[in-house]
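**Q** Can you keep this structure in mind? I'll have questions shortly.
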Amino acid sequence: MCGIVGAVAQRDVVEILVEGLRRLEYRGYDSAGVAIIDGDQLNRVRRVGKVSELSNAIAETPVLGGTGIAHTRWATHGEPNEKNAHPHVSGENIAVVHNGIIENHGPLRKRLQEEGYVFASDTDTEVIAHLIELELKTSDSLLEAVQKTRKQLEGAYGTVVIDRRDPSRMVVARSGSPLVVGLGIGENFIASDQLALLPVTQNFMYLEEGDVAEITRQTVRIVDINDKEVTREAKVSDVTHDAGDKGPFKHFMMKEIHEQPEAITNSLEGRITETGVVTETFGAGANELLSGIEHVQIVACGTSYNSGMVARYWFEEIAGVTCQVEIASEYRYRTSVVPKNALFITLSQSGETADTLAALTKAKTQGYASTLSICNVPGSSLVRESDLAFMMRAGVEIGVASSKAFTVQLVGLMLLVLSIAKHRGVDEAIIANIVKGLRELPGQIQQSLSLEPVIEALAEDFADKHHALFLGRGSQYPIAMEGALKLKEISYIHAEAYAAGELKHGPLALIDSDMPVIVVAPNNDLLEKLSSNMEEVRARGGQLYVFADKNAHFEAGEGLKLIELDHIDDALAPILYTIPLQLLSYYVAIIKGTDVDQPRNLAKSVTVE
Ligand code: G6P
C-alpha cells in the first residue's frame, strides 16, 4: 500500500526521498511523486509506474532543496494516473502526502468547493491540502492548522504536510496509519516504515494514534489526540541497513525462502530450554495470563490466516483447548460469543493490517481474558495494542507474497501451544519431543531447499495451465491452502485448496489432464485415506504432483510425479511441507514472467479496509 517519506535537512534531500521510496516499493503501488521546497518555490514531480520512472524524471530535471515529501500511491479513490499521484497541493504553498482513506471526503470537497477551492484530482487526499490552507487563515502555525484539520477528518490516515512559505518544518498526523520519525543529527525524517530511513538513521520515534507532530531540523514537538504536548520514546533499531538488498538472489521472495532456517533459529534463540518453552517470551506476566486459558480465538488475514488454521489443529490436539480461527474482515463485523477464559490472538507479519487491527480493537471490548499478537514488526500497532506479544524475529520481509513470515509465525504459534499445554498439565515428554523437533527444524528446512532444481524442472508442467488444485488432510489442509494462495498470488494461475476428503463433494468434477493436482502427503495416520483420494484423481486421468515422506514409499509412474522429503514428526510437518510449495509457486511465476516480488494489484501491508 502507499508509502510516505519526508525530510527536513540542510542538505538536498531528493536522493534520500527517492531511496526511501525504493525501499518501500515492496508494499505495492502504482505511481510515485516528490515535492521539495527550493528557496521560494515548491517543485513537484510525479510519475505513473515504478519509482525508477520518477527517478529518471528527476535526473532529467533535478529538484533541489532540504525540505521535501515523497509518496508511492496505491489507488483507492481515483485512477492510477499522474493527476491523482501524490503529493497533492493547495495553490502554490501547501503540499501533502497521505496514506489511508478520508471517509468524509465527499462533504468536505463540496464545502471547500463552495469556499472557492478548485480540485485538480479525483483523490480524497486533496481535501486535506485545501483544508489546511483554509485553516491556516485563522491559525498561528502550520501545526495548529493541521490540528484543526485533523478534527474534521474521518477515516484512517497518516499524512505529512509542508508549506512553501516556511521550509524549516514539516507537520505530520497519525490516525490509523503508521508513521515513524527518524532522528538524525541536525536533520530529521518521517516515514510510514522505518525501512525507508535506514540509510540515514537507526534512531526512531513511533507516533501514537492521534498524534500530530511538528518536525524541524533540530526538534520534534508532538501533541496527542487531546492537544496535550507529549514526548514519545526514541529507540535504536536493530534492523540492518542492507535488509532491503537482494544479496545473490534475483528476487526478495527467493532470498526470503532461503532465509527460513536462519529466521527460525533466530526466532527460537533464548526461547526454548532443553525440554520446554520460556513462557516469558510472550511478555511480562505471560505465565499468569496464559495459565487459565481454556479457549483460543485467532484472527488474521491472508497468509497469516493460513498459519492460524494450522495452529487450530495444534491447540486442540496438543494443548487440549478449543480454538477458532477467523478472517479479520469477517470477525470485525459480526456478533460473536466470547467463551470464558478465552485468549484473543492476532497474527500479522506487519502488525498494521487494517482489518486485523480493527478486530483487535473490537475484541478489547468483548471480555477476553487477554490479547496476544504474533508479529514481525516491533513497535507496530498490533504489538502496542496487545497485552502480550511474540516478536517473530524473521527479519524484514519484502516480497509481497509472504514466505518466511509464515513459517516463523508457525514456530511462534507452536511455542504458544506448548506454553498453554504445560499449564494444562500435558505430559512433559510430549512437550520435550516437540521442542527437540523445533531445534532440528532449521536443518531439515535447509535440506528441503536442496529440492530446488527438481522443483524448478517440475514447474515447467504448469506453464500452460490455468487452474490447479491443492489437496491435504488434517494440519496439512491449511498448508494446501497456503500453497494455493502462493501460486495464485505470484503466477496468477487460479488455484484452490481442498481438504482431500471433500474431493468427491465437488472438485472431482473438474479433474482432467488439464488440472494439475498437488498433494501434501507426510507419513501420518491419514496417509491411507489420502492415498485413496489420490487414486480417485488418477482414475479420472488427473495428473498428481505428490510431496511425500520418503518412508511413505509412494511410487512415481503414469499420472503421478513424486517429490520426496526426509521424514519429520507429524507435529512439525506442516512447516517443512510449506517449503517445496513456496519453491513451486516461485518457479512457476518465473516461467510465466510475472512480477514475483510485487504481483499486480497486491500490497504487502494492507493498511486500508
Ligand atoms: C497482504 C499481503 C499478504 C499478507 C496479508 C496479511 O495481503 O500481501 O502477504 O499475508 O496482507 O498481512 P499481515 O501483515 O497482517 O500478515
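The values are calculated or read from the model by the stated rules, or taken from the named source; none is laboratory data. The model shown is predicted, which means the values in this text are computed figures rather than measured ones. Methodologically, a virtual Cβ is constructed for each residue, glycine included, from the backbone with ideal geometry; neighbour enumeration extends over all protein chains shown. Ligands, DNA and RNA are stripped out before the accessible areas are found, and what is left, the full protein with its side chains, is counted by its heavy atoms. Shrake-Rupley method; radii C 1.70, N 1.55, O 1.52, S 1.80 Å.
**Q** Per DSSP H run of at least 4 residues, take -39500 (n - 2.57); add these up for the chain, divide by its residues and hand me the 222 nm value, nearest 500 deg cm²/dmol.
**A** My calculation for the chain gives -10000 deg cm²/dmol from helical runs alone.
**Q** Here's something else I'd like to know. Compute the helix-to-body angle for 126-136: its Cα long axis versus the longest principal axis of the chain, expressed 0 to 90° and rounded to tens.
**A** 40
**Q** Work the Kirkwood hydrodynamic radius out for segment 333-425: mean of 1/r over every pair of different alpha-carbon atoms, inverted, in Å.
**A** 13.9
**Q** Given H placed 1.01 Å from N in the peptide plane, which residues other than close sequence neighbours of Ile298 have an amide H under 5 Å from its amide H?
**A** The list, which skips near neighbours in sequence, is Gln324, Val325, Glu326, Ile345.
**Q** Could you pull the Rg and Dmax for the chain, using just the Cα atoms, both in Å?
**A** For the chain, the Cα radius of gyration and maximum Cα-Cα distance read 25.4, 80 Å.
**Q** Would you calculate the separation in nanometres between label points at Val236 and Ala432, each defined as 7 Å from the Cα along the Cα-to-beta-carbon direction?
**A** For Val236 paired with Ala432, the spin-label model returns 4.1 nm.
**Q** Once neighbouring chains are kept in place and the probe is 1.4 Å, which whole percent of the accessible area of the chain is contributed by carbon and sulfur?
**A** Answer for the chain: carbon and sulfur cover 48 percent of the accessible area.
**Q** Regarding segment 72-228, what whole-number volume in Å³ per residue does the convex hull of its Cα atoms give?
**A** In segment 72-228, the Cα convex hull volume per residue is 111 Å³.
**Q** Here is a follow-up. With θ set to phi - 60° and the Karplus curve 6.51 cos²θ - 1.76 cosθ + 1.60, what are the ³J(HN,Hα) couplings of segment 226-234 in order, to the nearest whole Hz, using x for Gly and Pro?
**A** 9, 6, 8, 6, 9, 10, 10, 5, 8
**Q** Using 0.36 nm times the number of residues separating Asp525 and Glu294, minus their current alpha carbon distance, what extension gain do you get?
**A** 80.5 nm
**Q** So, one more: Compute the normalised compactness of segment 417-459: alpha-carbon radius of gyration over 2.2 N^0.38 Å, N being the residue count.
**A** 1.77
**Q** Normalised by the number of residues in segment 75-187, what is the relative contact order in percent for Cα pairs under 8 Å and 6+ residues apart?
**A** Dividing the mean separation by the residue count of segment 75-187 yields 29 percent.
**Q** Separate question: Sort 497-508, 464-475, 226-237, 355-366 by the packing proxy (mean of other Cβ within 10 Å over each peptide's residues), most packed first.
**A** On the way: 497-508: 17.4, 464-475: 21.4, 226-237: 11.3, 355-366: 19.2.
Ranked from most to least packed, the peptides come out as 464-475, 355-366, 497-508, 226-237.
**Q** A follow-up question, please. Evaluate 2.2 N^0.38 Å with N set to the residue count of segment 353-502, then give the Cα radius of gyration divided by it.
**A** Segment 353-502 yields a ratio of 1.25.
**Q** Continuing with this model, one more query. How would segment 425-491 be classified by its alpha-carbon gyration tensor: rounded, prolate or oblate, with rounded meaning a/c under 1.5 and the a/b versus b/c comparison settling the rest?
**A** Cα axes put segment 425-491 in the oblate bin.
**Q** To continue, here is another question. Can you list, bin by bin at 10 Å, the percent of alpha carbon pairs in segment 209-273, starting at 0?
**A** Reading upward from the zero bin: 15, 26, 20, 26, 13.
**Q** Between Val338 and Arg439, what is 0.36 nm times their sequence separation minus the Cα-Cα distance? Round to one decimal in nm.
**A** The Val338-Arg439 span can extend by a further 32.8 nm.
**Q** Taking every alpha carbon pair in segment 171-227, what does the distance histogram look like in 10 angstrom bins from 0, in percent?
**A** Bin by bin from 0 Å, the calculated values are 26, 56, 17, 0.
**Q** As an exercise, take the mean of 1/r over every pair of distinct alpha carbons in segment 230-316, invert it, and state the Kirkwood radius in angstroms.
**A** 17.0
**Q** Which residues in segment 186-230 place their backbone N less than 13 Å from a point set 7 Å from the Cα of Gln10 along the Cα-to-Cβ direction?
**A** So the set is 186-188, 217-218.
**Q** Which entries of Lys504/Lys561; Lys255/Lys436; Lys255/Lys364; Lys250/Lys488; Lys228/Lys340; Lys255/Lys550 show an alpha-carbon separation above 32 angstrom in the structure shown?
**A** Lys255/Lys364; Lys228/Lys340
**Q** In percent, how large is the relative contact order of the chain, given Cα pairs closer than 8 Å and 6 or more residues apart?
**A** 12
**Q** While we're looking at this one, here's another question. Using a simple spin-label model with points 7 Å from Cα along the Cα→Cβ vector, what separation in nm is obtained for Asn601 and Asp227?
**A** Spacing of the two 7 Å Cα→Cβ label points: 4.6 nm.
**Q** Determine, for each peptide in 332-338, 128-134, the mean count of other beta carbons within 10 angstrom over its residues, then list the peptides with the highest first.
**A** 128-134, 332-338
**Q** Also: Equivalent ellipsoid semi-axes for segment 524-609, as square roots of 5 times the alpha carbon gyration tensor eigenvalues: give them largest first, rounded to whole Å.
**A** Values: eigenvalues 180, 66, 35 Å².
With the √(5λ) rule applied to segment 524-609, the semi-axes are 30, 18, 13 Å.
**Q** Rounded, prolate or oblate: pick one for segment 369-423, where a ≥ b ≥ c are the square roots of the eigenvalues of its C-alpha gyration tensor, a/c under 1.5 means rounded, and failing that, prolate if a/b is larger than b/c, else oblate. Before the final figure, lay out the partial values.
**A** Working: a/c = 2.88, a/b = 1.36, b/c = 2.13.
Because a/c hits 1.5 or more and a/b fails to exceed b/c, segment 369-423 counts as oblate.
**Q** Taking segment 4-98 on its own, what percent of its Cα-Cα pair distances exceed 22 Å?
**A** On the way: 790 of 4465 pairs.
Across segment 4-98, Cα pairs with separations above 22 Å total 18 percent.
**Q** Would segment 559-609 count as rounded, prolate or oblate if I go by the C-alpha gyration tensor, calling it rounded below 1.5 in a/c and otherwise prolate when a/b exceeds b/c, oblate otherwise?
**A** In terms of gyration-tensor shape, oblate.
**Q** Dividing the convex hull volume of the alpha carbon atoms of segment 273-387 by its residue count, what do you get in Å³ per residue?
**A** 107
**Q** Keeping all protein chains in place, calculate the accessible area per residue for the chain (probe 1.4 angstrom), answer in Å².
**A** On a per-residue basis, the chain sits at 38 Å².
**Q** If you don't mind, another one. Place a point 7 Å from Cα of Gln202 in the direction of its Cβ. Which residues in segment 260-282 have their backbone N less than 19 Å from it?
**A** Zone members listed by number: none at all.
**Q** Where in segment 354-369 is the amide nitrogen less than 18 Å from a point lying 7 Å along the Cα-to-Cβ axis of Glu609?
**A** Only 354-365 fall inside the zone, counting backbone N under 18 Å.
**Q** So if R0 is 41 Å, what FRET efficiency would Thr361 and His466 give, r being the distance between their Cβ atoms, rounded to the nearest 0.05?
**A** Working: r = 40 Å, r/R0 = 0.98.
Efficiency, from the Cβ-Cβ distance: 0.50.
**Q** Mind checking which aspartates and glutamates have their Cα closer than 18 Å to the Cα of Lys592? Skip sequence neighbours fewer than 8 apart in that chain.
**A** Straight-distance partners of Lys592: Glu452, Glu456, Glu460, Asp461, Asp464, Glu489, Asp514.
**Q** Compute the distance in nm between two label points, each set 7 Å from the Cα along the Cα-to-Cβ direction, one at Glu456 and one at Lys250.
**A** 0.8
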